[in-house]
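The values are calculated or read from the model by the stated rules, or taken from the named source; none is laboratory data. Source: prediction; values computed, not measured. No Cβ is skipped: glycine too gets one built from the backbone with ideal geometry, and neighbour counts run over all protein chains shown. All accessible areas refer to the heavy atoms of the entire protein, side chains included, with ligands and DNA or RNA removed. Shrake-Rupley method; radii C 1.70, N 1.55, O 1.52, S 1.80 Å.
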Amino acid sequence: MSAELLPLLMFLAVFVVLLAGYSVALTLAGVSLLFAALGIMSGSFAASDLGFIPNRLFGIITNQTMVAVPLFVFMGVVLEKSRIAENLLQNLSALTGGIPGGLGFGVILVGALMAASTGIVGATVVTMGLMSLPVMMRSDYDPRYATGIICATGTLGQLIPPSIALVLLGDVLSNAYQQAQLAQGVFAPRTVSVGDLFAGALLPGLVLVGLYTLYTAYLAIFRSERVPATSISQRPGLFRLLRDLLPPLVLIFTVLGSILAGLATPTEAAAVGASGALLLAAAYRSLTLINLREICLSTMQTTAMVFFILIGASLFSLVFRGYGGDDLVHTAFMNLPGGQWAALGLVMLVVFLLGFMLDFIEITFVVVPIVGPVLLMMGIDPIWLGILLAANLQTSFLTPPFGFALFYLRGVTPASVPTTSIYRGIVPFVGLQLLLIGLLISSPGLATWLPDRL
């Protein structure tokens, strides 16, 4: 077999083993070591390349940007378990439920706030499903719209900062951007930071929230039987509404504002967010020793998963490059008819399809380090590329039949709501997601304007 085909065969082997149900991190590391051993025996892989593994692992554990991951996860889990979002949804539902689509508007607002405070798609979808779906079903909402809006708003955490996906993408794209510039002979490379991606994602995230709101308003005006008004027994007082709304808003604006204003790095802002979430939970009297133990365990499990996958992906990329896989990808992209647009389109299609089978963490650590430097060498803006990838992954989370968000919601949806209703209900929101991607492609300034101003 030609040595040039080994990187492709290695990539294919990883996905075959993953589809067989094996652990992602162990699959990446195991397949990489197996192919490295085969290459050493056949003379097509240099054994000395494996000597770079300790340096790579040391680079992972000393990466200051990655410290933001457990802190943001901790912040999100604390807010999820402190019932802040539940209280807010109840008050907003009581405030807006008297108008057609009112519950939908409340779900969108609370979903956006949870996305900006948790950044964890699975937790947001499940929490929103448990909190809002029973209320919407009792109010005779169309099950298709109810499940669709919950899935759609639950995945906003993929795009709206401070998103864990953007933290991971920012670190990977920063390395890819430096590689691309060094390969072009730029020995004083510019950098792209997680804060840049946060700034770039803010406007697209708000546009997407606006599109969901406009669609709900359309239904409220022209198809009100699908989103009927509900009877209100008692509206919340102004003090109660502000008590539930202001604290999470202040926390979110403090975290994001300190990053966007350049007053703090994402890691420092994440520490502020984690501390603020603890204070809020204590103020709401929902922080017990049992809750704190569950919060710490959940944070540790998520963080361990992220870093375990990162270690496996680092080993995979090392062996892949040892076989010359990066040169193979570069040559293939350069020879595509259509230049950078064809290469970008191919990458977006591959990422979209992989989103059916893999989590955003695996795609970020495995695919982006391989294709990122090549795309950036072709002149694509790194911030624009990062936001496009994030929006693309968010779309794949929603798209039937394999979208992860659909499975998350199915797990907490009563049997009276068929799976077909969930699939049919998400279609309009997938269309709105694709519209956002189209706007990003036709108007890159939607992602680059705010970072440039800052």
Do you know which of the residues in the stretch 319-366 that are farther than 26 Å from residue 307 by Cα and assigned to a loop (DSSP other than H, G, I, E, B) is modelled with the highest pLDDT?
-> 337
For residue 355, work out the one condition from (1) open to solvent by less than 30 Å² (accessible area, probe 1.4 Å); (2) farther than 23 Å from residue 67 by Cα; (3) more than 16 Å from the chain's Cα centre (by Cα) it doesn't fulfil.
-> (3)
Can you tell me how many residues in the stretch 358-389 are among the small types (Gly, Ala, Ser) and either open to solvent by less than 20 Å² (accessible area, probe 1.4 Å) or touching a strand residue (DSSP E or B) at 6+ places or on another chain (Cβ under 8 Å) (or both)?
-> 2
With the condition kept exactly as written, say whether any residue in the stretch 285-304 is assigned to a helix (DSSP H, G or I), more than 30 Å from residue 84 (Cα to Cα) and open to solvent by 70 Å² or more (accessible area, probe 1.4 Å).
-> no
Going by the conditions given, is residue 190 in a loop (DSSP other than H, G, I, E, B), open to solvent by 10 Å² or more (accessible area, probe 1.4 Å) and touching a residue at least 12 places away in the same chain (Cβ under 8 Å)?
-> yes
So which pairs qualify, if the first residue must be in the stretch 27-45 and under 17 Å from residue 5 (Cβ atoms), the second must be open to solvent by 70 Å² or more (accessible area, probe 1.4 Å) and of a type in the set (Val, Ile, Thr), the Cβ gap must be under 6 Å, and the two must be at least 6 apart or on different chains?
-> none
In the stretch 192-203, is there at least one residue being polar (S, T, N, Q) and either modelled with pLDDT under 85 or touching a Phe, Trp or Tyr at 6+ places or on another chain (Cβ under 6 Å) (or both)?
-> yes
Qualifying position, being at negative phi, over 21 Å from the mean Cα position of the chain (by Cα) and not in a helix (DSSP H, G or I), among 282, 264 = 264
Before we move on, is residue 393 open to solvent by 20 Å² or more (accessible area, probe 1.4 Å), over 19 Å from residue 331 (Cα atoms) and either of a type in the set (A, V, I, L, M, F, W, C) or not in a helix (DSSP H, G or I) (or both)?
-> no
For residue 275, indicate whether it is open to solvent by 50 Å² or more (accessible area, probe 1.4 Å), at pLDDT 85 or above and of a type in the set (S, T, N, Q).
-> yes
Across (1) open to solvent by less than 10 Å² (accessible area, probe 1.4 Å); (2) closer than 27 Å to residue 135 by Cβ, residue 408 clears everything bar (1)
